[in-house]
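The values are calculated or read from the model by the stated rules, or taken from the named source; none is laboratory data. Given the structure is predicted, the values throughout are model-derived calculations rather than measurements. Virtual Cβ from ideal backbone geometry, glycine too; neighbours counted across all protein chains shown.
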């Protein structure tokens, strides 16, 4: 289990890591569209008609990123967001069951390394990152099953973005992050249904950056 | 950079910790644990269940004189006759034991342990299974027309009342739930017919009809879950907690494979098949980790039906009993061909088999019950399982 305590400890260590250099910390705050492009291995279980499937939807949320610059070009970054609620709708042979057959909040921190192109002081600085995403699903709700369990997911995350400097400290940013989020889901009600959902999320973010 | 490395290590450790132990629990995927593995010294076969385990509860309903007195021409849900034993009797006989009905009667009058008329046999009335019986609901199939249908819950309670507890020398065999399947399937079928009529009349859209069918099916499945978990609880608190040591629980065969199941439209047959599977799933879940022997009758029947000829059955689809003969024999009172009234004694005036039917090589007696040969095969298969547990 990754508890908030271990995440907080990690952040604390990151904050004190390295020597203090001018403006080697960046905080970003913004709005993000969490989109999914889900694929499943179908739904299996007693009483499930062939061709039953689900598809997950999109959600908008707020994100916070903290980056510690290790060099003028390389930083280590932690990104978290207010967990968006992702809804799933029934598709295929059970499409008649409609929207929101289950939903869950996705708690999905990403830790990674970011490479900044250009030089400090440039007006536009594109960046690219590679990291690890850990996703835990919480507050799972379903009108079709009394008990839904979802497996935690650990996978890669890749990011591309650009920063626009308004001044020495403030800037704007836009980024796109693709992640590998896969979860085995077991829904128990009258019967027991199983599926593995590959969410294939892409997160589009936009916001402000502050250096200190 | 040392601190940075520390940070990376901490991060890696916390992420690895996150990977562990998150696989969701899948109900029904566990197994019983801790049943005996050494042979028992059995002095009684104690069986609980329904018509499949009924060794003659309703014999008086088949009185030749028509007044409840012997002789009887039927009484078991199989091809009745001198050789017409059911699996419980077969397993008991293989152990050199006798299992007689715990209660015999019909239409409001019944006698507990009639075998006790011979004091030497007083301990043999441990076959509690009754045709129509459900797990906890006393209103079993046929109850309204006179069948006792004492549910499995009461069967176990009655045994405890008589004997106080289970003994190490009891071979306890529990096989119930089929009638819960049939009752809930009939309710589903009635609801489905109504939904389809409304859809045909244009009162429901296709989506509305599908949702209503889904809801009806889910309701039936939920009833299976409840019945199966109730049976599992009865096994735990009624049998194991009261001294049951050699306790075998049998799951349900696929009702969709019976002649009755085969007679249904494919979609309805699937619903029926799923109901017995859902029952089995929750029964397995309720008995996970419990010290019982688990007999997978669904698998055993599937295996037999995959190659009936290999198991000695030339006919595994047509009931051996002739519904028209039984109808005539009972003066039109039994029209469904129930094997309770089916006798296989060649030449007897109450002979009830179809032309050409052989009770030892035709698997089914009626739409859902096995013939004498079917019960012999079941008894053998279950005894093989009991031997595999190390109990025999």
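Remarks
- Residue count for the range A:140-155, restricted to those that are more than 10 Å from chain B (Cβ to nearest Cβ), in contact (Cβ under 8 Å) with a residue 40 or more places away in the chain and farther than 8 Å from residue A:187 by Cβ: 1
- Single unsatisfied condition, residue B:318 versus (1) under 26 Å from residue B:185 (Cα atoms); (2) in a helix (DSSP H, G or I): (2)
- Scanning the range B:193-213 for residues that are within 14 Å of chain A (Cβ to nearest Cβ) and either touching a residue at least 24 places away in the same chain (Cβ under 8 Å) or not in a helix (DSSP H, G or I) (or both) yields B:204, B:205.
- Pick from the range B:241-260, criterion surrounded by fewer than 20 Cβ atoms within 10 Å (Cβ to Cβ) and touching a residue at least 24 places away in the same chain (Cβ under 8 Å), ranking: farthest from the other protein chains (Cβ to nearest Cβ): B:243
- Complete set of residues in the range A:102-128 that are surrounded by fewer than 18 Cβ atoms within 10 Å (Cβ to Cβ) and within 14 Å of chain B (Cβ to nearest Cβ): A:113
- Annotation: residue A:131 fulfils all but one of (1) assigned to a loop (DSSP other than H, G, I, E, B); (2) within 14 Å of another protein chain (Cβ to nearest Cβ); the unmet one is (1).
- Of all residues in the range B:154-174, those satisfying the criterion of being crowded, with 16+ Cβ neighbours inside 10 Å and either touching a strand residue (DSSP E or B) at 6+ places or on another chain (Cβ under 9 Å) or in a loop (DSSP other than H, G, I, E, B) (or both) are B:155, B:156, B:158, B:159, B:163, B:166, B:167, B:170, B:171, B:172, B:173, B:174.
So that you can scan it fast, the table gives a plain yes or no per residue for (1) over 27 Å from the mean Cα position of the chain (by Cα); (2) in a loop (DSSP other than H, G, I, E, B):
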| residue | (1), (2) |
| --- | --- |
| B:334 | no, yes |
| B:340 | no, no |
| B:346 | yes, yes |
| B:355 | yes, yes |
| B:358 | no, yes |
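- Those residues of the range B:108-129 which are more than 15 Å from residue B:45 (Cβ to Cβ), loosely packed, with under 15 Cβ neighbours inside 10 Å and in contact (Cβ under 8 Å) with a residue 12 or more places away in the chain, in sequence order: B:108, B:109, B:112
- Candidates B:388, B:355, B:381, B:309 - the one that is closer than 23 Å to residue B:280 by Cα and free of Cβ contacts under 8 Å to residues at least 40 places away in the same chain: B:388
- Residue B:349 fulfils the conditions (1) over 30 Å from residue B:31 (Cβ atoms); (2) in contact with a helix residue (DSSP H, G or I) (Cβ under 7 Å, 6 or more places away or on another chain) except for a single criterion, (2).
- Selection from the range A:46-72 of residues that are at negative phi and in a loop (DSSP other than H, G, I, E, B): A:46, A:48, A:49, A:50, A:57, A:58, A:70, A:71, A:72
- Among the residues making up the range B:205-218, those that are surrounded by fewer than 18 Cβ atoms within 10 Å (Cβ to Cβ) and over 12 Å from residue A:191 (Cβ atoms) are B:205, B:206, B:207, B:208, B:211, B:215.
- For the range B:214-224, the candidate set comprises residues that are over 15 Å from the mean Cα position of the chain (by Cα) and touching a residue at least 40 places away in the same chain (Cβ under 8 Å); within that set, the residue that is nearest to the other protein chains (Cβ to nearest Cβ) is B:221.
- Residue that is surrounded by fewer than 24 Cβ atoms within 10 Å (Cβ to Cβ) and within 30 Å of residue B:146 (Cβ to Cβ), where the choices are B:366, B:327, B:358: B:327
- Filter result for residue B:27 (within 14 Å of chain A (Cβ to nearest Cβ) and at pLDDT 95 or above): yes
- Test result for residue A:75, outside any strand (DSSP E or B) and either within 14 Å of another protein chain (Cβ to nearest Cβ) or modelled with pLDDT of 95 or more (or both): no
- Of all the criteria given as (1) surrounded by fewer than 18 Cβ atoms within 10 Å (Cβ to Cβ); (2) at pLDDT 85 or above; (3) touching a helix residue (DSSP H, G or I) at 6+ places or on another chain (Cβ under 8 Å), the one not satisfied by residue B:3 is (2).
- Number of residues in the range B:364-392 that are under 17 Å from the mean Cα position of the chain (by Cα) and assigned to a loop (DSSP other than H, G, I, E, B): the value is 6.
- Residues in the range A:36-45 that are part of a loop (DSSP other than H, G, I, E, B) and closer than 24 Å to residue B:271 by Cβ were compared, and the one that is nearest to the other protein chains (Cβ to nearest Cβ) is A:45.
- Taking the range A:161-186 as the range and being within 14 Å of chain B (Cβ to nearest Cβ) and outside any strand (DSSP E or B) as the test, the residues that pass are A:180, A:181.
- Answer residue from the range A:46-67, given it is more than 19 Å from the chain's Cα centre (by Cα) and either away from chain B (no Cβ under 14 Å) or crowded, with 21+ Cβ neighbours inside 10 Å (or both) and is farthest from residue A:185 (Cα to Cα) among those: A:47
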